[in-house]
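We did not get these values from a lab; they are worked out from the coordinates using the rules stated. What you see is a predicted model, and the numbers here were worked out from it, not measured in a lab. Here the Cβ is made from the backbone with ideal geometry for all residues, glycine too, and neighbour counts use every protein chain on show.
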Amino acid sequence: MMLSPQLHKILAVAFFLLPFCAQGTFAGFLPFKHFFGGGTNKQQIPDPVPVEGNENGDTVHQLEHRISRLEGVLRLNKMITESGGKIFATNGKKADFDTTLEKCKEAGGSIATPRSPGENDAILYFVKYFNTYAYLGIKQSLIPGKFQLLNGAQPNYTNWYSNEPSGKGEEECVEMYTDGTWNDKKCNKNHLIVCQF
């Protein structure tokens, strides 16, 4: 069975957040195991109503319904945001730049890289909520003081803080401040992990 790109993204987000929910709850709200069935907790979301017709169509419809509910729970618990067709997610943990890249890749995504004011705001939501900085998927190019996307392309959108970047080649990574502006920084600081899918 072929999943739509949106379903694929939501499943990747769910697996990224799974270790965060290993204790059995999303921030004390909903037992995770109940979302996928099983258990008898009264907070359990009821199973979807079976649909008449094609078995594959029924399965896809039920998956879409369950994923839609998961998306709602994740939004309610401030775990995902959306903008520009991308889903941004955090597990609330911090890491250095290389570990952030690795964790996002393991989850089937990439480090958050805003390409518009709306996407910047989607990442800023987490930065404000957790009151901490986050790395972005932008690094210094071979030319000191010049920055590029991780694929080598020049960014179409930037939101540098006044007089930034200022590292003059010594600060190779980019962090987002709690006001949404960017700063060049060394890559060894622990910042909030924010991935995009």
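Sort segment 83-196 into rounded, prolate or oblate with this rule: let a ≥ b ≥ c be the square roots of the eigenvalues of the Cα gyration tensor; rounded if a/c is under 1.5, and if a/c is not under 1.5, prolate when a/b is larger than b/c, oblate otherwise. Here segment 83-196 falls in the rounded category. Applying a DSSP loop filter and a limit of 15 other Cβ atoms within 10 Å to the trypsin sites (Lys or Arg not before Pro) in segment 118-197 leaves LYS146, LYS168, LYS186, LYS189. Can you give the net charge of the other residues whose Cβ lies under 15 Å from the Cβ of LYS146, counting K and R as +1 and D and E as -1? Result for the local shell: -3.
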